[in-house]
Amino acid sequence: MIRGGLVITAGEEIRADVLVDGEHIAAVGAPGTAEHWHADEVIDATGHYVIPGGVDAHTHMEMPFGGTHASDTFETGTRAAAWGGTTTIIDFAIQPRGGALREGLDAWHAKADGVCAIDYGFHMIVSDAGEQAVAELDALVDEGVTSFKMFMAYPGVFYSDDGQILRVMQRAAGNGALAMMHAENGIAIDVLVQQALAAGKTDPRYHGEVRQSLLEAEATHRAIQLSRVAGAPLYVVHVAATEAVAQIQQARDDGLAVFAETCPQYLFLTADSLAEPDFGGAKYVCSTPLRSADHQASLWKALRTDDLSVVSTDHCPFCFKGQKELGADDFSKIPNGIPGVENRLDLLHQAVLDGRISRRRWVELASTAPARMFGLHPRKGTIAPGADADLVIYDPSARHVLSAETHHMNVDYNAYEGRAVTGRARTVLSRGEVLVDGGQYRGRAGHGRFVPRGTCQYLD
Ligand code: URP
Ligand code: ZN
Ligand code: ZN
């Protein structure tokens with residue numbers, strides 16, 4: 001029994017005790033009712049919030065990129081997630097170019113199987129959207145891989161052209177899958193990259209300059225139109241630009257099934273970081289890129305209006321030493337990605353403290369909405385009888401400093417180094433097992449299981 005906390009879900013805040021039986025929540029009861037409950041173990045949550053475990057719908061453990069691999073394995077990355085109060089991740093399996101979706105999915109299952117600390121699902125990156133891949137999509141949906149990411153960026157790597165995208169979307173319209181889009185005009189960006197390099201502009205800050213917000217907006221617009229033509233829903237990942245938000249807002253105002261996420265790096269960091277001296281900007285190279293503070297204001301507004309409905313991390317860590325350094329003479333060779341799976345709940349909690357979002361919206365953005373979006377609700381993302389006992393006892397007044405010295409992600413820097421935050425996961429449970437408690441790690445590799453997902457629950 002978890003006693004004495006303030007239970008916060010997307011829908012309500014109540015003083016209640018939570019009874020866990022085995023892997024599930026058995027009951028949620030006002031303090032009076034709970035007196036009659038019998039529990040073998042009582043966890044005191046007085047002065048704390050009790051929230052559903054975080055659901056991070058966008059991670060890249062061990063992702064191959066630019067000749068190297070993201071530095072967190074499924075083992076280290078899911079452990080770090082648990083430390084930060086996230087109890088489910090949805091990672092991206094990758095179709096090998098020239099290969100089958102099945103090959104990619106099998107490979108990702110092999111990486112994750114038996115080593116994860118928390119539960120996990122997979123999206124599929126379609127990097128070779130030919131006839132074969134389209135034909136395989138239905139089978140993946142049946143196995144609980146109900147969302148597919150495509151890229152309008154990265155020509156020659158993950159890029160799909162508009163025809164390929166349309167074909168995959170048409171199939172998604174038939175099988176209930178959610179098409180996810182990396183919306184940046186990669187063909188135009190590559191021209192600007194070559195022009196910048198030819199002009200001797202090799203520093204990380206040019207990564208931000210060439211990946212213009214207009215090219216994010218253009219691709220977002222195109223993705224929306226293609227999804228309309230196909231009659232399929234769309235989810236735009238890692239939205240960073242005001243102009244892209246405007247496209248999404250327009251589509252939603254028109255009544256279309258268009259959804260989008262942003263990530264903490266776009267809410268809390270700006271392109272100024274890309275200009276850090278001594279190649280330090282490389283730590284902040286990700287795509288879409290960090291933008292200026294005025295874009296941040298648009299993102300915060302869209303989080304309030306629900307034009308952005310999910311905050312995920314796009315956790316894709318590369319060490320500064322040896323990995324980010326691959327681009328020391330050429331920003332286009334810096335592996336793209338920022339670590340953050342451990343820091344998402346705490347960073348977003350700062351927005352609760354400064355009044356930008358409510359506590360319930362915090363829970364919704366970090367847990368409930370991603371669970372609904374990707375077919376995991378109510379098993380994940382809420383506190384209710386029958387749900388998995390994935391619970392975080394959150395201390396809203398614990399102060400700590402984000403730092404590579406103390407974080408648990410397998411990466412040699414923290415993008416928020418030195419930032420003081422208030423609020424921290426004290427006790428973290430996954431399916432009734434305590435993973436973290438008061439600074440002690442009690443989880444184990446292999447506790448986490450693959451979770452087959454249903455289809456998007458915003459379309460039911
Ligand atoms: O820079 C990023 N976001 N790296 C991960 C791959 C992607 O596009 O999400
Ligand atoms: Zn992407
Ligand atoms: Zn990503």
Residues of the stretch 112-130 being in a strand (DSSP E or B) and of a type in the set (G, A, S), in sequence order, are G121
Looking only at residues that are more than 16 Å from ligand 3 (Cβ to nearest atom) and not in a helix (DSSP H, G or I) in the stretch 182-213, which one is surrounded by the most Cβ atoms within 10 Å (Cβ to Cβ)?
P204
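Of the residues A240, A217, A179, A223, which is buried (at least 17 other Cβ atoms within 10 Å of the Cβ), more than 16 Å from ligand 3 (Cβ to nearest atom) and either assigned to a strand (DSSP E or B) or modelled with pLDDT of 95 or more (or both)? Give the derivation first.
Details: A240 fails: more than 16 Å from ligand 3 (Cβ to nearest atom); A179 fails: more than 16 Å from ligand 3 (Cβ to nearest atom); A223 fails: more than 16 Å from ligand 3 (Cβ to nearest atom).
Selected residue: A217, the only one of A240, A217, A179, A223 that is buried (at least 17 other Cβ atoms within 10 Å of the Cβ), more than 16 Å from ligand 3 (Cβ to nearest atom) and either assigned to a strand (DSSP E or B) or modelled with pLDDT of 95 or more (or both).
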Give the number of residues within the stretch 53-74 that are assigned to a strand (DSSP E or B), farther than 17 Å from L105 by Cβ and within 16 Å of ligand 2 (Cβ to nearest atom).
4
Residues of the stretch 1-38 being more than 31 Å from the chain's Cα centre (by Cα), assigned to a loop (DSSP other than H, G, I, E, B) and hydrophobic (A, V, I, L, M, F, W, C), which ones?
A30, W37
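Residues checked against (1) within 16 Å of ligand 1 (Cβ to nearest atom); (2) closer than 19 Å to P264 by Cα:
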site: V310; (1), (2): yes, yes
site: F318; (1), (2): yes, yes
site: K324; (1), (2): yes, no
site: D330; (1), (2): no, no
site: V341; (1), (2): yes, yes
site: R344; (1), (2): yes, yes
site: L347; (1), (2): no, yes
site: V352; (1), (2): no, yes
site: G355; (1), (2): no, yes
Here are some conditions: (1) under 30 Å from L435 (Cα atoms); (2) in contact (Cβ under 8 Å) with a residue 40 or more places away in the chain; (3) more than 18 Å from the chain's Cα centre (by Cα); (4) not in a loop (DSSP other than H, G, I, E, B). L137 meets all but one. Which one does it not meet?
(1)
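Which residues, counting only those in the stretch 408-433, are assigned to a loop (DSSP other than H, G, I, E, B) and either within 18 Å of the chain's Cα centre (by Cα) or of a type in the set (S, T, Y) (or both)? Don't jump to the end; show me each part of the working.
So the first thing to find is which residues in the stretch 408-433 are assigned to a loop (DSSP other than H, G, I, E, B), and the list is 408-419, 431-432.
Answer for the stretch 408-433, where residues must be assigned to a loop (DSSP other than H, G, I, E, B) and either within 18 Å of the chain's Cα centre (by Cα) or of a type in the set (S, T, Y) (or both): H408, M409, N410, V411, Y413, N414, A415, Y416.
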Look at D72 and say whether it is crowded, with 24+ Cβ neighbours inside 10 Å, under 18 Å from K380 (Cβ atoms), among the charged types (D, E, K, R) and within 16 Å of ligand 1 (Cβ to nearest atom).
no
Taking only pairs six or more apart or across chains, which ones have beta-carbon atoms under 9 Å, a first residue in the stretch 237-258 that is under 23 Å from F148 (Cβ atoms), and a second residue that is modelled with pLDDT under 95 and away from ligand 3 (no atom under 16 Å from the Cβ)?
A257/L459
Return the only residue of D278, D306, D314 being within 16 Å of ligand 2 (Cβ to nearest atom), at positive phi and of a type in the set (D, E, K, R).
D314
Checking V229 against (1) β-branched (V, I, T); (2) within 20 Å of D162 (Cβ to Cβ); (3) under 25 Å from the mean Cα position of the chain (by Cα): exactly one of these is not met. Which one?
(3)
Give the residue that is surrounded by the fewest Cβ atoms within 10 Å (Cβ to Cβ), with candidates limited to residues of the stretch 39-52 that are assigned to a strand (DSSP E or B) and of a type in the set (V, I, T).
I43
When residues of the stretch 21-61 are filtered for being closer than 15 Å to M1 by Cβ, modelled with pLDDT of 90 or more and not hydrophobic (A, V, I, L, M, F, W, C), how many remain?
9
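The values are calculated or read from the model by the stated rules, or taken from the named source; none is laboratory data. Being a predicted model, the structure only gives us computed values, none of them experimental. Using ideal geometry, Cβ is built from the backbone for each residue, glycine included, and neighbour counts are taken over all protein chains shown.
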